[in-house]
Amino acid sequence: MTDTSRTTSRILLGDEAVALGALHAGIVAAYSYPGTPSTEIMEAIQAAAPEGVAAHWTANEKTAYEAALGASMVGRRALVSMKHVGLNVAADPFVNSALVEIGGGLVVAVADDPGMHSSQNEQDSRFLADFARIVCLEPASPQEAYEMTREAFEVSERFHIPVLIRLVTRICHSRELVETAPPIEPRATAKPASAADWTLLPGNARRLWRRLLDAQGDLADWSEGSGHSTLRLSDDDRGLGVITAGIGRNHYLENLPDLGYIPSHLHIGAYPVPAWTIRRLAERVERILVIEEGYPFVERSLAGVLPIRWEVDGKASGALPADGELTPDSVRAALGLPARPRVRLGDMELPARPPQLCKGCPHGDSYAAVLAALEGFDTSVVTADIGCYTLGALPPYRAIESCVCMGASIGMAKGASDAGLRPALAVIGDSTFLHSGITPLIDAVAHDTNMTVLVLDNATVGMTGQQPTVLPESRLEPLIAGLGVDPEHLHVIEITPRRVDDLAGLLRRELDHPGLSVVVAVRECIESAKDRRRRERES
Ligand code: SF4
């Protein structure tokens, strides 16, 4: 168990608490791709990691996961962190790593974004942990984020599985005084006892899958007895049992003093769901209200846990909104409490503040060129990707027409061109290109697809706070040439306000070319340039 002799305390963000918990658990490696709301985990590790700890931004979440898996394979502890949609990218190694004989503790911290403050969806990572048949821990505070992260490494080594820490935006970005325990020393390197336990040939994989299934009872027993799920039966519950998970507990407890009675309460912080404890609650009550952030994961699980049908309310029943973040007010309504009086701001109108590119952002010049290049075409399609440049969908540019997932711009432009729509233009940033744009470009090379790719190379991951692109100096031209793009239709141009016409002309020529072309428009992000100049002055 985690050493609980707490010796120091400090104010930490939830993300920072995960980072410190991992460092105090003796990790020797941490990997991540930036993405709100998980970015600060790696930033905190890089700021605090002692010598000998590798703390690397990676090309994408899959490569991050695989690097952490390699450290685990040789017996050492590793953390991999990402936002929720990043786990889709890492899903292949994530799901398969549940079968191998995990050596050093492997913990994946995943930050969900209910309310989609900076994401494309609200997916709930508890379902992916369940899908992989592994343990998931869900902290309800930065203190729990610290403690659970430390403990997750022990659980991972005990059951030889990866363990998922499920965070949500409000936990990642909340600050709290966190009590910490003394760090432990990293484990020594040790190769796995059996290569067969790491080689998922069908014969091995069938045996290891059976072993994982057989372990499910032990995982459930561990979850029941972990202390992360707490049941408080009440003599004054009036037939109501409340189940909270993660941050749902905070909203429930905020409203409890107004209720006038005390429901029996089960808080769940560890999964598999504690089925026996849920049954103990159910024996005492007639109705159950489930308060959980994200999808109705626990609420749906009840159908397989309770032998007869209780009256169950939650997100699936409509008692709580199915989308967006939980709020104290939405939980209040589900508890049957009247709305709190609202503070009115009178007739004061707050001005709308739509998101926009920074003043002077190089993407603005690139979009001016795109719009000029497309003038005169009856039809065209401009697929785009995820980054600051996605703001090109909004006024004043309205220059792009899609943003689905990392790297999709190039594959979608290929599909649109294959389907006969021309010209097809894909717009993608340098970091997104390295993350997931290379492989669809190989497809386009293979078929010399009639399309143009515009790579906006600003040498940074601008949207998440100017983390360095994984290949920090522009090395895109030889990389793209190496994929087989015709050198006559591969161009690198510095994009400045004075060169908008040059880029527009170049794009227009390549849009007219009946094959694949790639244009790399280079200029440093101005926020990144400011940071660089400040660092240079200070050094
Ligand atoms: S952070 Fe950089 S890339 Fe993003 S909008 Fe601002 S200048 Fe442009």
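Filtering region 300-319 for residues that are under 29 Å from ALA129 (Cβ atoms), at pLDDT 95 or above, in a helix (DSSP H, G or I) and in contact with a helix residue (DSSP H, G or I) (Cβ under 6 Å, 6 or more places away or on another chain) leaves an empty set. Only one of the listed residues (GLY115, GLY75, GLY103) is open to solvent by less than 10 Å² (accessible area, probe 1.4 Å), touching a Gly at 6+ places or on another chain (Cβ under 9 Å) and part of a loop (DSSP other than H, G, I, E, B). That residue is GLY75. If you go through region 394-427 and keep only what is under 21 Å from PRO34 (Cβ atoms) and either β-branched (Val, Ile, Thr) or within 16 Å of the ligand (Cβ to nearest atom) (or both), you end up with CYS403, VAL404, ILE410, VAL427. Of the residues screened, ARG340 is not one that is within 16 Å of the ligand (Cβ to nearest atom) and out of contact with any Asp or Glu (no Cβ under 6 Å at 6 or more places or on another chain).
Going by what's in this entry, would LEU507 be described as more than 32 Å from the chain's Cα centre (by Cα) and modelled with pLDDT of 95 or more? For LEU507, the condition - more than 32 Å from the chain's Cα centre (by Cα) and modelled with pLDDT of 95 or more - is met. Taking every residue in region 356-382 that is touching a residue at least 12 places away in the same chain (Cβ under 8 Å) and within 15 Å of the ligand (Cβ to nearest atom) and pairing it with any residue that is assigned to a helix (DSSP H, G or I) and acidic (Asp, Glu), at least 6 positions away or on another chain, yields no pair with a Cβ-Cβ distance below 6 Å. Among the residues of region 37-70, those identified as open to solvent by 10 Å² or more (accessible area, probe 1.4 Å), in contact with a Leu (Cβ under 8 Å, 6 or more places away or on another chain), among the aliphatic types (A, V, I, L, M) and over 25 Å from MET116 (Cα atoms) are ALA48, ALA49, VAL53, LEU69. Considering PRO354, PRO396, the condition of being farther than 20 Å from THR496 by Cα and not in a helix (DSSP H, G or I) is satisfied by PRO354 alone. Would region 415-429 turn up any residue that is within 17 Å of VAL382 (Cβ to Cβ), crowded, with 17+ Cβ neighbours inside 10 Å and more than 34 Å from the chain's Cα centre (by Cα)? Yes, region 415-429 contains a residue that is within 17 Å of VAL382 (Cβ to Cβ), crowded, with 17+ Cβ neighbours inside 10 Å and more than 34 Å from the chain's Cα centre (by Cα).
The residue list GLU325, GLU375 contains one member that is farther than 30 Å from ALA459 by Cβ and not aliphatic (A, V, I, L, M), which is GLU325. Kindly provide the set of residues from region 343-355 that are of a type in the set (Lys, Arg) and within 16 Å of the ligand (Cβ to nearest atom), ordered by number. Result: ARG353, single match. Here VAL95 clears all of (1) of a type in the set (A, V, I, L, M, F, W, C); (2) open to solvent by 10 Å² or more (accessible area, probe 1.4 Å); (3) under 11 Å from the mean Cα position of the chain (by Cα) except the condition numbered (3). SER436 meets the conditions (1) open to solvent by 50 Å² or more (accessible area, probe 1.4 Å); (2) in a helix (DSSP H, G or I) in every case but one. The failed one is (1).
Hey, among the residues in region 146-172 that are polar (S, T, N, Q) and over 16 Å from the mean Cα position of the chain (by Cα), which one's farthest from THR39 (Cα to Cα)? Checked region 146-172; the qualifying residue farthest from THR39 (Cα to Cα) is SER156.
The values are calculated or read from the model by the stated rules, or taken from the named source; none is laboratory data. Computed from a prediction, not measured in an experiment: that's the story for all the values here. Cβ coordinates were reconstructed from backbone atoms using ideal geometry, including for glycine residues, and neighbour counts include every protein chain displayed. All accessible areas refer to the heavy atoms of the entire protein, side chains included, with ligands and DNA or RNA removed. Shrake-Rupley method; radii C 1.70, N 1.55, O 1.52, S 1.80 Å.
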